[in-house]
Amino acid sequence: MQAHAPLTVLGLVALATTAIVCGDTAGKLLTGAGVQPLFVAWSRFALAALVLAGVLGLRPSNLRSLLDWRLVLRAALIVGGIASILTALRTEPIANVFGAFFVGPIVAYAISALFLGERVSWARTVMLALGFAGVLLVVRPGGQMGTGMIFALMAGAFYGSYLAATRWLAAVHPAPFLLGSQLVIGAILLLPAGVVSLPASADAGTWGLVIVSSLASAFGNYLLVLVSRTTPATVSAPLIYFQLIAATAIGFLVFGDWPEPLALLGLAVIFASGIGGLALVPKHRGA
């Protein structure tokens, strides 16, 4: 498959990360209203699987492929990431959670280099480190860390591993099937917890947020799967930092949280690292 042009990669990642943040914002609204995080996580997988199964190429003829242990491992990683971040969002501001969550690109970068044999360079490593320094300016970790921030760090570690696993399997399964498999397997893995935590009563607004949480996240992750098929994780990892910018903007619009000057400086550093990482993408010639 032909590699995406750098600006196309930037646009796809920006759209994908914004969609994912919208899904997690809906999840934070749900958990803030008393809905259990594990139910939100399960409904996200189950509803998306029901709505998108046909579009994603899940048919009786290929359902046996879902038993592939690699697909189960990949799905378990994203299940752990989503369950952890929804738990973190229950008690922590959305920008802080996404700040801690951005250990994910570091994990993806390291796993892809060590186990997938992807090429790394000092320039890309420096850009990624610069982005992480910007995250530290936003988060400003102190001596005391609450349980929510621990869950946010766990979410980032799970997600980084998931990104590397996606790159690992991108040449084995088509992008739609990869997303479909994680939705179905994730729904099955979370089924017991989802049933146990089913809300006793829910109005139309609650179910509307459930739908937004599910479909926005599925759409964003599908775009990231498409990017992973043509762009090494060592290249796309810095661009994932745009998710923090989306989280800060949406956090202000929805929750009225606006970052302090030092946090804004951190966002500028993150943006610079993303642009720097994009500039390192090899230019492809040809028709």
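The values are calculated or read from the model by the stated rules, or taken from the named source; none is laboratory data. Keep in mind that this is a model prediction, so the values were computed, not measured. Glycine gets a Cβ as well: all are built from the backbone with ideal geometry, and neighbour counts include every protein chain shown. Just the protein is used for accessible areas: all its heavy atoms, side chains included, with ligands, DNA and RNA removed. Shrake-Rupley method; radii C 1.70, N 1.55, O 1.52, S 1.80 Å.
Does a label point 7 Å from the Cα of Trp69, set along Cα-to-beta-carbon, have any residues of segment 105-125 with amide nitrogen under 20 Å, and which are they?
Only 115-116 fall inside the zone, counting backbone N under 20 Å.
Specify the inter-centroid distance of segment 179-217 and segment 45-61, based on alpha-carbon positions, in whole Å.
Result: 14 Å between the Cα centres.
Under a GNM of the chain (C-alpha, springs under 10 Å), which listed residue has the highest mean-square fluctuation: Ala19, Ala171, Ala46?
Ala171
Given a 10 angstrom Cα cut-off, can you work out which residue in Leu183, Leu128, Leu29 is the most mobile in a GNM of the chain?
Top of the fluctuation ranking is Leu29.
Provide the per residue accessible area, probe 1.4 Å, for the chain, rounded to a whole number of square angstrom.
44 Å²
Quick check: at a probe of 1.4 Å, how many percent of the accessible area of the chain sits on carbon and sulfur atoms?
71 percent
In the Gaussian network model of the chain, springs joining C-alpha atoms below 10 Å, which of Arg167, Arg64, Arg119 carries the largest mean-square fluctuation?
Of Arg167, Arg64, Arg119, the most mobile in the Gaussian network model is Arg64.
Between Val172 and Thr8, what length comes free when the chain is fully extended (0.36 nm per residue of separation minus the Cα-Cα distance, one decimal in nm)?
Extra length available between Val172 and Thr8 comes to 56.7 nm.
Please give the contour-minus-distance gain from Val120 to Val51: 0.36 nm per residue of separation, less the Cα-Cα distance, rounded to one decimal in nm.
Residue separation times 0.36 nm, minus the Cα-Cα distance, leaves 21.0 nm.
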